[in-house]
Amino acid sequence: MAVRAVAGRLNAVTRAVFPHFCAGCGEEGEVACNKCLPALIAPGKGLFACPGCGCDIGLGVFAGRMGVPPKALQVPSMTRSQFKVTDGRAGATHKSAEVPDLMRSLSLLEVAPAQPSNCGLATCAAASLDSLSCAVRYDGSALGGLLRLWKYERVQAAETIISTAFRRFLEQQCSDFLLKYDGATVVPVPLHFLRQVSRGFNQSESLARAFADVLSLRVDSNVLKRSFGGTSQASLEDKSRREENISEMFNVSRRVAAGAKFVLIDDVATTGATLRDCARALKRAGAGEVHAVTLLRK
């Protein structure tokens, strides 16, 4: 707390000398002017990709190794009067109160249960991560600049805008996310202890608490530990170097319940190396499904 208090005072002094500019249009004054703010906090459409290679496989929220979860057909809430479902296909008639709110994703129910929900490559089918969902694409988004202001300059206004944008994305996808992540524990990707002390906070933990709040899930910030600092992933562009740098950097502080479901939360997914290493650590400890959700996708 002392680090954040000092950082806040230094930030105020710095701002007096170096004023902020709008992340959207560049106008001097605030990190987001009144004209650009609505677009910055508008909910992103989301990027839902194969957890192995990152390609778009067209399954929306349910893209991932697990496909459409069977429980999706057991949760009540529907807008149409009737819908026919048997094992994910047309069949027995159910009343409106017995069918889930998946009408906007009905095409998913035409997929045969045995059909893979990743891109089909063997390396992707074997990926430790079960799905990857991201709110906004990094390129072309002003949120990337706001994220840097929050992480490296501790600008509170930037944090507020990012948190609002992330929450609105989650609220937009809430019904499907509730189905997909039912019973999951939310885990922020940890920083190394020394890096968190120097920064004063972990941005992934802040996003994880927003995620858990919207979906009414539990956060566990202690189950994953980062074993050593290593080179910052943000400074590495080459995919193979990022994979090598992060390999076995994470470990689990205790055994987890066999088959337990987890959702990893991070600020940015680039190659996915960090998220996959976190997933491997959790699965070695006994976890079942391990999904990931991030604010941005490079």
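Take the cross-link list K45/K298; K45/K151; K35/K151; K45/K180; K225/K298; K225/K261 and give me the ones stretching past 20 Å between alpha-carbons. Listed pairs above 20 Å: K45/K151; K35/K151; K225/K298.
Arranged by the count of other C-beta atoms within 10 angstrom, fewest first, what order do R255, R154 take? Working shown, then result.
Working: R255 11, R154 19.
So the ranking, lowest neighbour count to highest, is R255, R154.
Every number here is computed from the coordinates shown, using simple stated rules; none is lab data. Source: prediction; values computed, not measured. Every residue, glycine as well, gets a Cβ built from its backbone with ideal geometry; the counts of neighbours run over all protein chains shown.
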